[in-house]
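So the structure is just underneath, and the comments pick up after that.
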Amino acid sequence: MNKKLKIGIILFIIVFVGGFFVYAQFYYHAEKTATDYLNGTDNVKVTKISNGLFLDGYGNNTTIIFYPGAKVEYTSYLPLFTDLASKGIDCYLVEMPFNLAFFGINSADGIIENSDYDHYFMAGHSLGGAMASSYVNGTDKNISGLIYLSSHSPKEIHVPVLSIRGTNDGVINLTSYNEAKSLMKNNFTEIIINGGNHAQFGYYGVQSGDGQANITPESQQNQTVDAIMKFISANT
């Protein structure tokens, strides 16, 4: 390899790595509405773990392991999952490297290996849902079901699936989403929230390209919690 080619490759790597780190510095931060839940509630204890947060309610049989959306601070989803924990479903919110679930697909491994639940459900928002799908397909762990929030799988899924999205979601690719329905080979449940959008599953502000919601985040999240509770009840 000649000297000019070596220098060119080195410069390309420097520019690529530098560009990525600049890109990774810009992400959607959790709003105060979400971070107010960091200290837990009367019914839910929030504990920092090595790769995220554990939300411990009164339940001890079932848990959800959640992968956040791309470039979204994981604490943005605290209100939704605190509500679930208060209803008996413990939850793990995973903090992803660079806020990108692509770099933490197997994050659930350590959680499952260091806990003792009868039922584990994987869940994810947007990119997080796709990466949760990859985890389900690649693991030998017993996963009871998969929950999508404005997401879908690029491959076949053989566990029960709950898919939740809003009618005003401007981010999700509906063509790919609808095509992916045929890849759900087990029980598939779809919930479409009238007036909901992409970002209101969490509290991180307006997402680029998203549609305007016609309902409040509280309404969207309450409907989401109800759907998840019914789905888990039917699959445990």
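Can you work out which of the residues in region 132-146 that are out of contact with any helix residue (DSSP H, G or I) (no Cβ under 7 Å at 6 or more places or on another chain) and part of a helix (DSSP H, G or I) is surrounded by the most Cβ atoms within 10 Å (Cβ to Cβ)? That would be 132. Counting only residues that are touching a residue at least 12 places away in the same chain (Cβ under 8 Å) and under 17 Å from residue 27 (Cβ atoms), region 67-104 holds 22 of them. For residue 149, are the conditions met, namely being surrounded by fewer than 24 Cβ atoms within 10 Å (Cβ to Cβ) and more than 14 Å from residue 186 (Cβ to Cβ)? When the stated conditions are applied, residue 149 does not pass them. Residue-level analysis places residue 171 outside the set of residues that are free of Cβ contacts under 8 Å to residues at least 24 places away in the same chain, assigned to a loop (DSSP other than H, G, I, E, B) and surrounded by fewer than 21 Cβ atoms within 10 Å (Cβ to Cβ).
Return the residues of region 195-226 that are under 19 Å from residue 123 (Cα atoms), among the small types (Gly, Ala, Ser) and either at pLDDT below 95 or not in a helix (DSSP H, G or I) (or both); say none if nothing qualifies. Selection gives 196, 202. Of everything listed in (1) in contact with a strand residue (DSSP E or B) (Cβ under 9 Å, 6 or more places away or on another chain); (2) under 21 Å from residue 130 (Cα atoms); (3) part of a loop (DSSP other than H, G, I, E, B), the single unmet condition for residue 192 is (3).
For region 82-96, enumerate the residues that are under 12 Å from the mean Cα position of the chain (by Cα) and assigned to a strand (DSSP E or B).
Selection gives 91, 92, 93, 94.
On the stretch given as region 10-50, residues that are modelled with pLDDT under 95 and either over 24 Å from residue 209 (Cβ atoms) or hydrophobic (A, V, I, L, M, F, W, C) (or both) total 15.
Here's the yes/no breakdown for (1) of a type in the set (Ser, Thr, Tyr); (2) within 17 Å of the chain's Cα centre (by Cα); (3) within 19 Å of residue 174 (Cα to Cα):
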position: 191; (1), (2), (3): no, yes, yes
position: 203; (1), (2), (3): yes, yes, no
position: 209; (1), (2), (3): no, no, yes
position: 227; (1), (2), (3): no, yes, no
position: 233; (1), (2), (3): yes, no, no
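The values are calculated or read from the model by the stated rules, or taken from the named source; none is laboratory data. This structure is a prediction, so every number in the text was calculated from the model and none was measured. Note: ideal-geometry Cβ built from the backbone for every residue, glycine included; neighbour counts use all protein chains shown.
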